[in-house]
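Worksheet: the structure to be examined is printed underneath.
The values are calculated or read from the model by the stated rules, or taken from the named source; none is laboratory data. Here the structure is a predicted model, which means the values were calculated and not measured. A quick note on method: Cβ atoms are made from the backbone with ideal geometry, for glycine too, and the neighbour counts reach across all protein chains shown. To get the accessible areas, we keep the full protein, side chains included, count just its heavy atoms, and leave off ligands, DNA and RNA. Shrake-Rupley method; radii C 1.70, N 1.55, O 1.52, S 1.80 Å.
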Amino acid sequence: MIYDVAVVGLGAMGSAVLQHAAERGLSVFGAEQYPPAHTLGASHGKSRMIRKAYFEDPAYVPLLRRAYDLWEQLERKSGRPVLRKTGVLIAGRPESAIVAGVRTSAELHGLSVETYDAAEIRRRFPMMRPLDDEIGVLEPDAGVLHPELAVTAQLEVAKSAGAVARFSTRVTSWDRAPGGAAFALRLDDGSEVRAKKLALCLGAWLDPAGLGLPVEIEVRRKVQAWFAPTGDAFAAGKCPAFLVDRAAFEEVLYGFPDFGDGVKAAFHTGGEVTTMATLDRIVAFEKDVAPIQRALDAWMPGAAARSRMASVCQYDMSRDEHFVIGLHPGDPGVVIAGGFSGHGFKFAQVVGEIVSEIVVDGATHHDIGFLSPARFAGIVR
Ligand SMILES: Cc1cc2nc3c(=O)[nH]c(=O)nc-3n(C[C@H](O)[C@H](O)[C@H](O)COP(=O)(O)OP(=O)(O)OC[C@H]3O[C@@H](n4cnc5c(N)ncnc54)[C@H](O)[C@@H]3O)c2cc1C
């Protein structure tokens, strides 16, 4: 059999592509080197922030609007509660890039946000300790996605739509099969699969040089940590998720309220540069967790009373920190979805739609020119 499309990598993005391509009626094969919803990629850790007033670039806002719709549809189709609207507070001095960026994005796109001075933050969220010169921008519609549930839901809906997925099986190589009309993928179980198109959703395993892509991806080691708080003031429903830009912190701090397994926090910026072959997955408390605990304690005293657990994850950073989605500039049979630069999860559903449109039509109706893999070579497609 020759599949219409083979998806390599079934993390957040690949499982969404598998789902959307199957729902469009394509015959779809997916391969993943680890078990479903595993913890060795970037799509694990119980929480991922979703917000629309996007400080990274207002150009993402239309994609986020569509992502919200699609997450709701996924919840209905799968019966799994994937998204919880907790609100997200972005705090820092008014000139902070993230604070100013949220306000610009909200203004440009008419999004509903509320801006508070420090006194108002303390009044509304007494567990928080903003400095006098800090402000906060609350986006009430923002919230938290559950990554493992979301990936599971995407895989389940893909399967019901007819997709075939193989787990704990690595794709070791691929090339054009004789005749050139299809790709031949070799898997480490010794089998070979053929498909007309390839969607590469490899996360930090993407090797741009090996694929002849004019893209650089830097892998960064990230640690996410959970803490037992002193009381229930930090519970979801009382406390929003947050991002705080404060010079006294080592990096930009973000975190989530307690959903029952503690307050989770991590640094968004920074992180040791590494590779997937050398990534150190062992957490060292003093180096990895203590700085997060100190920052969280300064932002919300009592939230980080006791360290509960921590895990290592990775960001796949593109040079400009924007995603890399589109046709391979040298092969119109290959679609790339990578370089999600530590902020991709919330988009997975719309990425699934985009990649499946590109597979079928060679293009998408979404405005994603700014994410083209060709942009680094100065070629605009
Ligand atoms: C700590 C942390 C916090 C984050 N917080 C947020 C957040 O709050 N909000 C947000 O929107 N985003 C966030 N992100 C980013 C987001 O989680 C990622 O952008 C997203 O999960 C990337 O998904 P992916 O499918 O590209 O990568 P992955 O989930 O890593 O999937 C790639 C998959 O490809 C598989 N694979 C690779 N090579 C092969 C092969 N040869 N054969 C078979 N399978 C292969 C891998 O095993 C892996 O499962 C965060 C990331 C981290 C690490």
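Computed quantities for the displayed model
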item: Using a Förster distance of 25 Å, the FRET efficiency for Val283-Lys85 (Cβ separation, nearest 0.05); result: 0.25
item: Prolate/oblate/rounded call for segment 1-75, Cα gyration tensor, a/c under 1.5 rounded; result: oblate
item: Net length gained if the chain between Thr39 and Ala235 were fully extended (0.36 nm per residue, minus Cα distance); result: 68.1 nm
item: Fully extended contour minus Cα-Cα distance, from Arg319 to Arg24, at 0.36 nm per residue; result: 102.9 nm
item: Cut-off 14 Å, label 7 Å out along Cα→Cβ of Ala97, residues of segment 39-71 by amide N; result: 55-58
item: Percent accessible area from carbon and sulfur atoms, segment 107-178, protein chains only, probe 1.4 Å; result: 51 percent
item: Virtual spin-label span in nm between Met1 and Arg129, 7 Å along Cα→Cβ; result: 6.0 nm
item: Estimated FRET transfer efficiency (Arg122, Glu218; beta-carbon r; R0 51 Å; 0.05); result: 0.85
item: Rounded if a/c under 1.5, otherwise prolate or oblate - segment 319-358, Cα gyration tensor axes; result: oblate
item: Exposure rank, largest accessible area first [Ser78, Ser112; 1.4 Å]; result: Ser112, Ser78
item: Alpha carbon centroid spacing (whole Å) that separates segment 71-146 from segment 346-371; result: 26 Å
item: Ala377-Met309 pseudo-label distance in nm [points 7 Å out on the Cα-to-Cβ vector]; result: 4.4 nm
item: HN-Hα J in Hz across segment 93-110 - Karplus 6.51, -1.76, 1.60, θ = phi - 60°, x for Gly and Pro; result: 6, x, 7, 4, 4, 6, 5, 5, x, 5, 5, 4, 4, 5, 5, 4, 10, x
item: Two-site FRET efficiency, Arg66 against Arg294, from Cβ-Cβ distance with R₀ of 30 Å, rounded to 0.05; result: 0.20
item: Solvent-accessible area per residue, Å², over segment 207-260 with all protein chains present [probe radius 1.4 Å]; result: 38 Å²
item: Three-way shape label, the chain, alpha-carbon gyration tensor, a/c 1.5; result: prolate
item: Cα→Cβ-extended label distance, 7 Å offset, between Asp189 and Asp141, nm; result: 4.3 nm
item: Over the chain: helical MRE at 222 nm, DSSP H runs n ≥ 4 each giving -39500 (n - 2.57), nearest 500; result: -7500 deg cm²/dmol
item: On Cα atoms only, tilt of 12-23 relative to the major axis of the chain in degrees; result: 50 degrees
item: Degrees separating the helix 348-361 axis from the principal Cα axis of the chain, which is the longest one; result: 20 degrees
